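Everything below concerns the one structure shown next.
The values are calculated or read from the model by the stated rules, or taken from the named source; none is laboratory data. Everything numeric in this text was worked out from a predicted model, so none of it was measured. Cβ: placed from backbone, ideal geometry, glycine included. Neighbour counts: every protein chain shown.
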Ligand SMILES: [Zn+2]
């Protein structure tokens, strides 16, 4: 198991970043990685906090998500002899910091500015390849500093996407159980239950999340962190990513850029829950209440794109046994499934 050593969640915690890092005894040289907007927003406070605590650092703007960019950042870290990297942002900066730090074997600190997916704490990073996005095993962050003030300022759509990514653990765990029965794959009850707990927290607190209370935001952030930790315990993304994620990845290929990762996972969960014989209407009701899309048109996708993605999903990651192996969806059965649950 590889787990984060320190998790700090609360209001204003990013302003004490320097102090928090001092306690980890990581060395004094680091590189902060973020996009240009996040830099503009946070540079003043972060700089003050890191300088006060005696850290020497440079701020580097990250480029597009690619293997070349991971290598560039890793080379920079080597040249600068950085002791650790800090990834500040939503998805891309955290993923790039995670993978670059893994490449040069130094720790990385995750400072999420939105709660849109469980990559903020998981040992997996995704990068765009030439043909499709790739998920790569790295190390989990050494520390996570999640400032709920910052996260509450991010567009609500991102928080909603995080909820979709969390609810998807319902079918991900079912797929894992199924694979255990059908292929004898190892099944870890502890990590499976932890992932399910994250999904159930969202189901139970949907009302507080939909009205964007501070408590609701904390629930999503904590659930995303424990879901990433569940992957760290399992040593694979199994508890967090099943057939619904395969659908989301397939949509990325069929209809690139339409809908956020978690939004597509949420829709995928409705359909895969039906295939698993679960109560999909409860999942759909929760997603609706939170404001997460439950119909393809809400993310600008067409019925044909959803059908294509459903047919393609099974071939995305053949070594991962899911309900899609049993359902063997054709164009016709895919259309029927998506219609039956109201996604198209
Ligand atoms: Zn995900």
Residue within segment 64-71 that is in contact with a helix residue (DSSP H, G or I) (Cβ under 9 Å, 6 or more places away or on another chain) and within 16 Å of the ligand (Cβ to nearest atom) present: yes
Test set (1) free of Cβ contacts under 8 Å to residues at least 12 places away in the same chain; (2) assigned to a loop (DSSP other than H, G, I, E, B) - residue 259 fails condition number: (1)
Condition check for residue 166: in contact with a strand residue (DSSP E or B) (Cβ under 7 Å, 6 or more places away or on another chain) and at pLDDT 95 or above: no
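Please find, among 212, 217, the residue that is surrounded by fewer than 17 Cβ atoms within 10 Å (Cβ to Cβ) and in contact with a helix residue (DSSP H, G or I) (Cβ under 7 Å, 6 or more places away or on another chain).
Working: 217 fails: surrounded by fewer than 17 Cβ atoms within 10 Å (Cβ to Cβ).
Going through 212, 217 in turn, the sole match is 212.
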Tally of residues being touching a residue at least 40 places away in the same chain (Cβ under 8 Å) and at positive phi across segment 324-343: 1
Test result for residue 179, out of contact with any strand residue (DSSP E or B) (no Cβ under 7 Å at 6 or more places or on another chain), away from the ligand (no atom under 16 Å from the Cβ), part of a helix (DSSP H, G or I) and in contact (Cβ under 8 Å) with a residue 60 or more places away in the chain: yes
All positions within segment 100-125 that are surrounded by 24 or more Cβ atoms within 10 Å (Cβ to Cβ) and either without any contact (Cβ under 8 Å) to a residue 12 or more places away in the chain or away from the ligand (no atom under 16 Å from the Cβ) (or both): 100, 101, 108, 109, 111, 113
Given (1) assigned to a loop (DSSP other than H, G, I, E, B); (2) within 16 Å of the ligand (Cβ to nearest atom); (3) within 17 Å of the chain's Cα centre (by Cα), index of the condition residue 320 fails: (3)
Segment 228-244 residues that are under 14 Å from residue 141 (Cα atoms), paired with ones that are at pLDDT 90 or above and assigned to a helix (DSSP H, G or I) (beta carbon under 6 Å, 6 or more apart): 230/191; 230/194; 230/195; 230/239; 231/240; 233/191
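Yes/no per residue for (1) farther than 19 Å from residue 119 by Cα; (2) within 16 Å of the ligand (Cβ to nearest atom); (3) surrounded by fewer than 24 Cβ atoms within 10 Å (Cβ to Cβ):
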residue: 243; (1), (2), (3): no, yes, no
residue: 246; (1), (2), (3): no, yes, no
residue: 256; (1), (2), (3): yes, no, yes
residue: 262; (1), (2), (3): no, yes, no
residue: 265; (1), (2), (3): no, yes, no
residue: 268; (1), (2), (3): no, yes, no
residue: 272; (1), (2), (3): yes, yes, no
residue: 279; (1), (2), (3): yes, no, yes
residue: 282; (1), (2), (3): yes, no, yes
Selection from segment 126-160 of residues that are more than 15 Å from the ligand (Cβ to nearest atom), assigned to a helix (DSSP H, G or I) and surrounded by 20 or more Cβ atoms within 10 Å (Cβ to Cβ): 148, 150, 151
The lone exception for residue 76 - which of (1) touching a residue at least 24 places away in the same chain (Cβ under 8 Å); (2) over 23 Å from residue 129 (Cβ atoms); (3) touching a strand residue (DSSP E or B) at 6+ places or on another chain (Cβ under 9 Å) it fails: (2)
Sole residue being in a strand (DSSP E or B), crowded, with 18+ Cβ neighbours inside 10 Å, touching a strand residue (DSSP E or B) at 6+ places or on another chain (Cβ under 6 Å) and touching a residue at least 24 places away in the same chain (Cβ under 8 Å), chosen from 32, 9: 32
Residue within segment 296-303 that is at pLDDT 95 or above, within 15 Å of residue 161 (Cα to Cα) and within 14 Å of the ligand (Cβ to nearest atom) present: no
Looking only at segment 64-90, and only at residues there that are part of a loop (DSSP other than H, G, I, E, B) and over 14 Å from residue 31 (Cβ atoms), the one that is modelled with the lowest pLDDT: 90
